[in-house]
Structures are given as structure tokens and as C-alpha cells.
Ligand code: AP5
């Protein structure tokens, strides 16, 4: 994993529906990073209809965190593949979601270069996800699971912001996609990748 240790890693953290995926797509377009979303990797595993996928789906349906080892292995495999193709800079979206995930990643995969945190009110997140739920087909975009996802976020993920405060850039993400991306660009341009 020599290549992995040299990778530049930007953790993208925020509550459910805070706009992580939307902003990552724009960062990829402008800065050419490789975007890996832990949720997307998990959903791909669910699609495969393996026993493992079925177990993961049950947890995601409840809006709880899947076991750390599962998500860490999926991320590490995906990153190793990309590094072997010459990728150096990664956006890791939706991970870490609890302190231990960050610690294990930094010990076993790669260091953390920076953190982007999207701060959005619960009301806005709920509205966005209910709207998306009409067409997304995601098993977790319903009122009950959204409530649980928010709870998981507040209890387990939010403490990370304090932990990473020296590396974090906190972006108020209530505005339009373009307004938020203007702030994101300021951060991206201020760092030497
Ligand atoms: P994951 O897939 O990561 O879901 P999430 O964190 O709930 O976030 P979303 O992907 O739903 O939203 P987003 O922030 O990317 O927002 P988006 O840009 O799509 O995780 C799902 C589940 O997998 C978890 O609950 C857990 O079970 C498991 N899991 C994942 N990672 C894990 C980990 N590390 N450890 C353990 N378990 C893990 O935007 C949302 C909507 O709003 C879209 O419709 C978008 O078009 C719209 N929108 C975006 N920005 C704006 C804007 N500025 N104005 C108006 N609308 C906007």
C-alpha cells in the first residue's frame, strides 16, 4: 500500500442530505479528484444481492451505521484500485462518521489532508431528502429513516468536527448549489494539493 500512504485525502462530512454528493460532483469537475462515497460503495454491495449485501441493507434501512470493518475494507479496496491507475487525490464522502473510523483510516489507509464540513439545519436536510425520496428509490429516504439518520449524525458524527477542528473548513450550506460551491472553491484554492 505504498501508493496509498502518499495519497491526498479530503474527508467530506455532513448530515444526511447536506449536499456532500452534489458538491463532490462539482469538485471532481473542476479539480479532478477521485470521488468515493461510502454510501455508494455500500449500495453497490447491496445491489450484488450477496448475503453480506443483505445484512448491510438491513442496517442502512434503519439509518444506523454499518460495522466499521465493512466500510473501511470497501474504501481501501476502491482506493487501492484507483491508486494503481495513477490517482493521487481523493474525496472521501460520508466517511468518517465516528471518531474510531477516522483513527482506523489514518492508521491503516492514508493520512487526512483536509476536511470539508457542510453545515445545514435539520429542517433543510429533511426537506431535501423527502423531495429526493420521490424519485431516488433509496430505502432510507422516508420520514422515519430520515429521522433516525439525523439522530445517528448528531450523536455519532458531529463530535468529529471538534476532533478535526485544525483541519476543518466549515461551510454553511443552506444556499444554492452554486453559492455553496463558491465557498468550496475558496477552500480548494487556498490549499496546495
Ligand atoms: P450516505 O449514502 O452517505 O447518505 P447520507 O450521509 O445520508 O447522505 P446523502 O447521500 O443522502 O446526502 P448528501 O449529503 O450526499 O446530499 P446530496 O448531495 O445527495 O449513507 C447512507 C447509509 O449508508 C448511512 O445511513 C449508513 O447506514 C451507511 N453508511 C454510509 N457511510 C457509512 C460509514 N462511513 N460508516 C457506517 N455506515 C455508513 O443532496 C441531497 C438532495 O438535496 C439531492 O436531491 C440534491 O439534489 C439536493 N440538494 C443538494 N444541494 C442542494 C442545495 N444547495 N439546494 C437545494 N437542494 C440541494
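Numerical summary
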{"quantity": "Ratio Rg/Rh [Cα only; Rh per Kirkwood] for the range 136-193", "calculated": "1.08"}
{"quantity": "Computed [θ] at 222 nm, helices only, for the chain once each DSSP H run of length n ≥ 4 contributes -39500 (n - 2.57)", "calculated": "-17000 deg cm²/dmol"}
{"quantity": "Distance (nanometres) between label positions extended 7 Å along Cα→Cβ at residue 104 and residue 135", "calculated": "3.6"}
{"quantity": "Longest to shortest principal axis, alpha-carbon extents of the chain, angstrom", "calculated": "41, 40, 29"}
{"quantity": "Mean separation of Cα contacts under 8 Å (6+ apart) over length of the chain, as relative contact order %", "calculated": "35"}
{"quantity": "Computed label-point distance, nm, for sites residue 143 and residue 177 using a 7 Å Cα→Cβ extension", "calculated": "2.8"}
{"quantity": "Inter-centroid distance (Cα atoms) of the range 23-93 relative to the range 148-180, Å", "calculated": "19"}
{"quantity": "Most mobile listed residue (59, 126, 13) in the chain, GNM with C-alpha springs under 10 Å", "calculated": "59"}
{"quantity": "Unit Cα scatterers, Debye sum, the range 43-114: log10 I(q)/I(0) for q = 0.12, 0.14, 0.24 Å⁻¹", "calculated": "-0.36, -0.49, -1.18"}
{"quantity": "Kirkwood estimate for the range 58-165, i.e. one over the average of 1/r between Cα atoms, Å", "calculated": "15.4"}
{"quantity": "Descending semi-axes in Å of the range 1-94, equivalent ellipsoid built from Cα gyration tensor", "calculated": "23, 17, 11"}
{"quantity": "Among 38, 48, 121, residue whose mean-square fluctuation peaks in a GNM of the chain (springs only between Cα atoms under 10 Å)", "calculated": "48"}
{"quantity": "GNM top mover of 23, 101, 127 - the chain, alpha-carbon springs below 10 Å", "calculated": "127"}
{"quantity": "Inter-label distance, nm, simple model (7 Å from Cα along the C-beta direction), residue 81/residue 191", "calculated": "2.4"}
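Quick note: the coordinates plus some simple rules give every number you see, no bench work behind them. Here the structure is a predicted model, which is why all the values come from computation and not from measurement. Because the Cβ atoms are built from the backbone with ideal geometry, glycine has one as well, and the counts that use them run over all protein chains shown.
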